[in-house]
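Participant: Dropping the structure in here first, questions after.
The values are calculated or read from the model by the stated rules, or taken from the named source; none is laboratory data. The model shown is predicted, which means the values in this text are computed figures rather than measured ones. Here the Cβ positions follow ideal geometry from the backbone for every residue, glycine too, while neighbour counts run over all protein chains shown.
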Amino acid sequence: MKIIVAKNYEEMSARAFEVMAEVVKTNPQAVLGLATGSTPLGLYRNMIEDHKKNGTSYKQIKTVNLDEYAGLDENSDQSYVYFMRKNLFDSLDIDRKNTNIEDGTASDRKAECARYNALLHELQQDIQVLGIGSNGHIAFNEPGTPFGSETHVVDLTESTIKDNSRLFKNIDEVPRQAFTMGLKNIMNAKKILILANGENKAQAVYGLVKGEVTENVPASVLQLHPDCTLVCDEAAARLIL
Ligand code: F6R
């Protein structure tokens, strides 16, 4: 694993953008695997700024997102489809038809997993952006998820519900289930770019980089990926330096 330790969030985002820019600029038809959450917002701001200043085009780019809350749709400002539009897609020249995410409102959840999984088999990610949960989750693959997992519906753990409640009016509004890519779908990406910032991610980053490769720490599977780059700030890197 390649590790880049940045001084702060801004520098982490700029370094992450360098990795992303190389993919987008060398392959204008690339498939980007994208994540939501607080961590990649700075990376997305850099992508938007570059698009506006330098005209980097996303017209032929395709995207696949990691996950979506079950029950939320694009009109909910907590849904991940809404997040992606607001924080990235609306400010790029990307074709909405080329952006993909699980349908949180699907009534047949099993069929929706099968549909999305088939799509992931067609659209191998040239790069997959990831954040990391404080419990070591990646996407919504919580501790104990099999490394061989593909797209599935998960029951969110108490720790994830608590972490994510900061973005909702109150903790009761956080959905208890989500659709997520599985760990095998993530590992299928040609390149992984995982980001982490802040002291509350230090333990998870330790597990990602130096811990035992175990399903108890989903992110540890990335130690087995041939092209994985971690970009983190000093606070998140505290236990690996
Ligand atoms: C987001 C996702 C999650 C987050 C993780 C970190 O699509 O799948 O795994 O990456 O929970 O969230 P933040 O960045 O908000 O700390």
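Participant: Pick out the one residue from Ser220, Ser159 that is in contact with a Ser or Thr (Cβ under 8 Å, 6 or more places away or on another chain), in a helix (DSSP H, G or I), at pLDDT 95 or above and at negative phi.
Facilitator: Ser220
Participant: While we're here: Being among the charged types (D, E, K, R) and farther than 21 Å from His121 by Cβ is the filter here, so list the residues in the stretch 51-92 that pass it.
Facilitator: Answer for the stretch 51-92, where residues must be among the charged types (D, E, K, R) and farther than 21 Å from His121 by Cβ: Lys52, Lys53, Lys59, Asp73, Glu74, Asp77, Arg85, Lys86, Asp90.
Participant: Then there is this: I'm checking my understanding of the structure. Among residues of the stretch 1-53 that are among the basic types (Lys, Arg) and part of a helix (DSSP H, G or I), which one is surrounded by the most Cβ atoms within 10 Å (Cβ to Cβ)?
Facilitator: That would be Arg15.
Participant: Restricting attention to the stretch 117-134, and to residues there that are farther than 20 Å from Leu156 by Cα and in a strand (DSSP E or B), which single residue is farthest from the ligand (Cβ to nearest atom)?
Facilitator: Result: Ile127.
Participant: Tell me yes or no: at least one residue of the stretch 93-116 is among the β-branched types (Val, Ile, Thr), within 16 Å of the ligand (Cβ to nearest atom) and either touching a Ser or Thr at 6+ places or on another chain (Cβ under 6 Å) or not in a helix (DSSP H, G or I) (or both).
Facilitator: yes
Participant: Give the residues of the stretch 64-82 that are crowded, with 21+ Cβ neighbours inside 10 Å and not small (Gly, Ala, Ser), sorted by residue number.
Facilitator: If the condition is that a residue be crowded, with 21+ Cβ neighbours inside 10 Å and not small (Gly, Ala, Ser), then Val64, Asn65, Leu66, Asp67, Glu68, Tyr69, Tyr80, Val81 are the ones that fit.
Participant: Output the residue which, of all residues in the stretch 170-196 that are farther than 18 Å from Ile127 by Cβ and of a type in the set (A, V, I, L, M, F, W, C), is nearest to the ligand (Cβ to nearest atom).
Facilitator: Per the criteria, the residue is Ala178.
Participant: Among the residues of the stretch 223-241, write down those that are in contact with a helix residue (DSSP H, G or I) (Cβ under 7 Å, 6 or more places away or on another chain) and either farther than 16 Å from Ile4 by Cβ or in a loop (DSSP other than H, G, I, E, B) (or both).
Facilitator: Across the stretch 223-241, the qualifying residues are His225, Ala235, Ala236, Ala237, Arg238, Leu239, Ile240.
Participant: May I pose another question? Is it true that some residue in the stretch 135-153 is part of a helix (DSSP H, G or I) and either surrounded by fewer than 17 Cβ atoms within 10 Å (Cβ to Cβ) or not charged (D, E, K, R) (or both)?
Facilitator: The answer is no, given that none of the residues of the stretch 135-153 is part of a helix (DSSP H, G or I) and either surrounded by fewer than 17 Cβ atoms within 10 Å (Cβ to Cβ) or not charged (D, E, K, R) (or both).
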